[in-house]
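Remarks on the structure that follows.
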Amino acid sequence: MTALATEAIPPLLSVIIPCYNEERTLENIVARVLRVKVPMEIIVVDDASKDKSRDKLMAIAASEPRVKAFYHEINQGKGAALATGFQHARGVYAIVQDADLEYDPQEFYRLLVPALAHGADVVFGSRFRGEGAKRVLYYWHSVANGWLTTLSNMTSNLNLSDMETCYKLFRREVIQSVELKEKRFGFEPEVTAKVAKMGCCVYELGISYSGRTYDEGKKIGLKDAFRALYCIIRYGVFTPRSKMPELPALPEKYAKLAAELKAQTSEDLENLFVAALRSYFFRPTTSRFFPIGGATILSKKRAGGTTNLS
């Protein structure tokens, strides 16, 4: 059997993956996301890739019902791809996942805990806090990230350690209410400023990070740093406050999961999620549903195996 979410119950998580020229890593990252055992949908937006990313995405979407594919005919940038993805999301929460392999989807369990157990509207995964292994790269990038985060904090009155992180988890209604204007990497300071001005409850926790080099496909550059500075001033200083959208109550089964998370102190979050969700969503498999996955792993765990989340 496989754990499932029915059509009457939305997926817990919409994973938004912007993709541009990621033929080397796209299949791998989608497979890694699918190994996360929560009810989910994956929305991949190909931003007019020039390599074989689109062909690979079409094949993935044709074989995996949890993957929804959208295509831009003209390259617009990461922010534009994310806006398309958020528009089509229907999960309780939405999270950004880059199409490279820098960020580990196993962190989803930890990022969901402040949202479910503590009512966070937005959760940032910080590369600069003390959780998990980090690949050591580019000193001046970390310096620039620190400066930009500090300037962003000064205008937003948040005390983040990593404004530029990819891992931002949102209550879906929150991100869908944000009018996004930035088409490229300016998305990060723009959305940070706007959720702060909305009065969202924001949490941050440390994550692992395996950064890649420019030879490996890293795209952000110096001009993006200057654009980020512009965005911090534009959206942090000159954008008025906005009203927080009305958030519906969690679906009953997710509310029960939230209650269990509040009562637990276990660090083995993967097993905790699986155990709680299994009791709610084990149904006969049909293609219309959103399987959590991991039936083979579960059978191994029942035989005495364990999986520890670092």
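The values are calculated or read from the model by the stated rules, or taken from the named source; none is laboratory data. Because the structure is a prediction, the values reported are computed rather than measured. Because the Cβ atoms are built from the backbone with ideal geometry, glycine has one as well, and the counts that use them run over all protein chains shown.
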In the stretch 143-191, residue surrounded by the most Cβ atoms within 10 Å (Cβ to Cβ) [restricted to those that are small (Gly, Ala, Ser) and closer than 21 Å to Ile207 by Cβ]: Ser152
Lone unmet requirement of (1) more than 21 Å from Lys168 (Cβ to Cβ); (2) touching a residue at least 60 places away in the same chain (Cβ under 8 Å); (3) of a type in the set (Asp, Glu) for Glu41: (1)
Members of the stretch 57-81 that are in a strand (DSSP E or B) and either of a type in the set (Lys, Arg) or out of contact with any helix residue (DSSP H, G or I) (no Cβ under 9 Å at 6 or more places or on another chain) (or both): Lys68
Where Glu102 falls short, out of the listed (1) in contact (Cβ under 8 Å) with a residue 40 or more places away in the chain; (2) of a type in the set (Asp, Glu); (3) over 22 Å from Thr25 (Cβ atoms): (3)
Some residue of the stretch 106-121 being within 15 Å of the chain's Cα centre (by Cα) and assigned to a loop (DSSP other than H, G, I, E, B): yes
Residue pairs meeting the criteria (Cβ under 6 Å; at least 6 apart or on separate chains; first on the phi < 0 side of the Ramachandran plot, in the stretch 244-258; second polar (S, T, N, Q) and assigned to a helix (DSSP H, G or I)): Pro245/Ser177
Residues within the stretch 187-212 that are modelled with pLDDT of 95 or more and of a type in the set (Gly, Ala, Ser), tallied: 3
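Just one of Arg32, Arg54, Arg24 is more than 27 Å from Glu270 (Cα to Cα) and either outside any loop (DSSP other than H, G, I, E, B) or among the hydroxyl-bearing types (Ser, Thr, Tyr) (or both); which is it? Explain how you work it out, then say what you get.
On the way: Arg32 fails: more than 27 Å from Glu270 (Cα to Cα); Arg24 fails: either outside any loop (DSSP other than H, G, I, E, B) or among the hydroxyl-bearing types (Ser, Thr, Tyr) (or both).
Exactly one residue qualifies, and that residue is Arg54.
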